[in-house]
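Here is the structure we will look at.
The values are calculated or read from the model by the stated rules, or taken from the named source; none is laboratory data. Model, not experiment: these values are computed from the prediction. Here the Cβ is made from the backbone with ideal geometry for all residues, glycine too, and neighbour counts use every protein chain on show.
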Amino acid sequence: MVGVAALAALLACRQEPASRDGARARVRIAAASDLNAALGDLIIGFTASRSIDVSASYGSSGTFYAQLVNRAPFDMFLSADVAYPRQLAAQGLTVPGTEFTYAGGRLVVWTPASSTLDVERGLQALTSDRVTHVAIANPDHAPYGRAAVAAMTRAGVYDRVRPKLVFGESVAQAMQFAASGAADAGIVALSLALAPGSRDKGRWFEIPAADHPAIEQGGVILKSAADVEAAKAMRAYIMSAPGQAILKQYGFLTPGQ
C-alpha cells in the first residue's frame, strides 16, 4: 500500500499550476505567425489533460519583440528568430534560464493551384514577365522576410524580383496576399503551406536550407508572466515528443536538425 506521506507527495506532483488567488491558471503567448496552425494543435494537445487556459496572439517576431521591450502583457514569447528571446533575456525581461529553441523553419515559393507558374523552377520562376507581384514578410522585422531576401540574393534573382516585391506585416500576411491573388506568388513558411486552409489550395517548391540563413526558432518565458509554472508546463509540452511531432507535421525541423 502507498503510505500517507507518499500519497501526499504523489498528489502534490499531479497538481495543476494555479494563480495565487485560486483562479484557473493561464498562459498568454505572443507567437510568430508561422505557428498559426501548429500552435493551435499544440494548445489543444496541452489543454486536453490540464486545467490551464492558453491563448495566443500571432504576428511578426520583430514587432512582438518591440512590444515586449515595452512590457506588453504576455507570459511566453515564441519567436521565429531565437535572437529576439535572447535579447529580451539580456535585458533582464525574462525568467532566467527559460530560453529554448523549439524548431527550425523552412522556406518555400508558393503559388495558388490555379497559377500556371512553373513553381518547380523555384526562385528563378519569379523572374518571369508573367509575375508582377511577389509577397514576402517585411524583412525589417520578420525573420522569414530576411531569409527570403537572402535566398533571392544567393540565387542571383534579387535585383530582378525586388521591383515586384510586396511586403506583408508578417509571413502569414504575405501568405494571404499570395492566396488571395493580390500577389502572383509568395516566399513563405512551409508551415503555412501545410496548414489545413492552404494545403490543397496551392503548389510550392522548398528553397534549399543551404541557400538562406537558418531559421532557428526560439522561445522564452517573460518575467512578468502571471503564472510561471503554467508557462513552464507549456514549454515542456512543446519540447516533448508529442509536441515535437505536431511541429514536424507542419514541416518544422526539430532543434538542431
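Here are the numbers for the structure shown:
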{"read-out": "Members of region 24-49 found to be among the β-branched types (V, I, T) and under 16 Å from Q244 (Cβ atoms), listed by number", "value": "I43, I44"}
{"read-out": "Residue in region 98-120 that is polar (S, T, N, Q), touching a Lys or Arg at 6+ places or on another chain (Cβ under 9 Å) and in the same structural domain as A230 (by TED's automatic domain parsing) present", "value": "yes"}
{"read-out": "Total residues in region 94-128, condition in contact with a Leu (Cβ under 8 Å, 6 or more places away or on another chain), in a loop (DSSP other than H, G, I, E, B) and within 23 Å of D34 (Cβ to Cβ)", "value": "1"}
{"read-out": "Yes/no for A80 being in contact (Cβ under 8 Å) with a residue 24 or more places away in the chain and surrounded by fewer than 24 Cβ atoms within 10 Å (Cβ to Cβ)", "value": "no"}
{"read-out": "Condition check for M152: under 30 Å from D129 (Cβ atoms), surrounded by 15 or more Cβ atoms within 10 Å (Cβ to Cβ) and touching a helix residue (DSSP H, G or I) at 6+ places or on another chain (Cβ under 8 Å)", "value": "yes"}
{"read-out": "Pair list, Cβ < 6 Å and 6+ apart or interchain, from region 101-113 residues that are surrounded by 23 or more Cβ atoms within 10 Å (Cβ to Cβ) to residues that are basic (K, R) and part of a strand (DSSP E or B)", "value": "T111/R203"}
{"read-out": "Every residue from region 194-246 that is among the acidic types (D, E), crowded, with 17+ Cβ neighbours inside 10 Å and in contact with a Lys or Arg (Cβ under 8 Å, 6 or more places away or on another chain)", "value": "D227"}
{"read-out": "Helices (runs of 4 or more DSSP H) within region 129-204 that include 2 or more residues under 17 Å from T63 (Cα atoms) and in contact (Cβ under 8 Å) with a residue 60 or more places away in the chain", "value": "143-155, 171-180"}
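One line per residue, one yes/no per condition, for (1) β-branched (V, I, T); (2) at pLDDT 95 or above; (3) not assigned by TED's automatic domain parsing to the domain that holds A125:
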{"position": "L192", "(1), (2), (3)": "no, yes, no"}
{"position": "A195", "(1), (2), (3)": "no, yes, no"}
{"position": "G202", "(1), (2), (3)": "no, yes, no"}
{"position": "I221", "(1), (2), (3)": "yes, yes, yes"}
{"position": "Q244", "(1), (2), (3)": "no, yes, yes"}
{"position": "P255", "(1), (2), (3)": "no, no, yes"}
